[in-house]
Amino acid sequence: MNGGRVEQVDDARTVYDRPATEFVADFIGTSNLLSLRVDRREGGTLTMDLGGGMSIVAPDPGGAERGTLPITVRPEKVCLGVEPGPGWSCIRGRIAQNVFLGSVTQLLVELQTGEMLTVHELNDDDQAARLAPGTEVTVGWALPHSYAVSESPGAAGPVEAAAR
């Protein structure tokens, strides 16, 4: 519920993995909300080209043509040191903050787009713990982990807000 309006009715995993709106994405757990400028649409994929082989990709939700749309990616789905490749978002950034949270290290990465991205790395390897603020990194995630969301119910995008 957001201001008395149901934004999504579904099981917990679907609400977490496939949120319908920005509000729902941020309601359960931590979510990265990024703005994807649609530079290319092909083969069911949206691509934002960032130069130097870097890009952000997301499944195309269909619907009306738009210049940009919000996407979400969960912090545990983001990987450090990703190389550009088909089906992967890959983007440069700089560590802004490194916080030990027990089972995970939380990294805040300022992306080359100017947006902030939260990354959760398991503490079974001390690589993330060694990344000091200011360190340049490449981060990425697989295509299925980018998910287009709507700004509000009724907006273009994959809104499943209606009660089933």
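The values are calculated or read from the model by the stated rules, or taken from the named source; none is laboratory data. This one's a predicted model, so the numbers in the text were calculated from it and none came from an experiment. So basically every Cβ, Gly included, is an ideal-geometry build from the backbone, and we count neighbours across all protein chains shown. Note: accessible area is taken over every heavy atom of the protein model, side chains too, but ligands, DNA and RNA are not part of it. Shrake-Rupley method; radii C 1.70, N 1.55, O 1.52, S 1.80 Å.
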Solvent accessible area, Å² - LEU108, 1.4 Å probe, full protein context:
40
Given only helices, namely DSSP H runs of n ≥ 4 each adding -39500 (n - 2.57), what is the per-residue ellipticity at 222 nm of the chain, to the nearest 500 deg cm²/dmol?
-1500 deg cm²/dmol
Dipole check, the chain, charges on Cβ (K,R +1; D,E -1), about Cα centroid: among GLY93, PRO19, ALA142 the Cα furthest to the positive pole belongs to PRO19
On a 1.4 Å probe surface of the protein chains, which of CYS90, CYS79 comes out largest in accessible area, and what is the full order?
CYS79, CYS90
Which of the GluC sites (Glu not before Pro) found in the range 9-104 are loop residues per DSSP with 10 or fewer other Cβ atoms within 10 Å of their Cβ?
GLU65
Return one whole number: the accessible area per residue of the chain in Å², for a 1.4 Å probe.
50
For the range 1-140, what % of the accessible area comes from carbon and sulfur atoms, probe 1.4 Å?
50
What relative contact order, as a whole-number percentage, does the chain give when Cα pairs under 8 Å and 6 or more residues apart are counted?
28
Based on the alpha-carbon gyration tensor of the chain and its eigenvalue square roots a ≥ b ≥ c, which shape applies: rounded if a/c is under 1.5, prolate if not and a/b is larger than b/c, or oblate?
oblate
Order ARG92, ARG41, most accessible first, counting only protein heavy atoms with a 1.4 angstrom probe.
ARG92, ARG41
Please arrange HIS145, HIS120 by accessible surface area, largest first, computed with a 1.4 Å probe and ligands excluded.
HIS145, HIS120
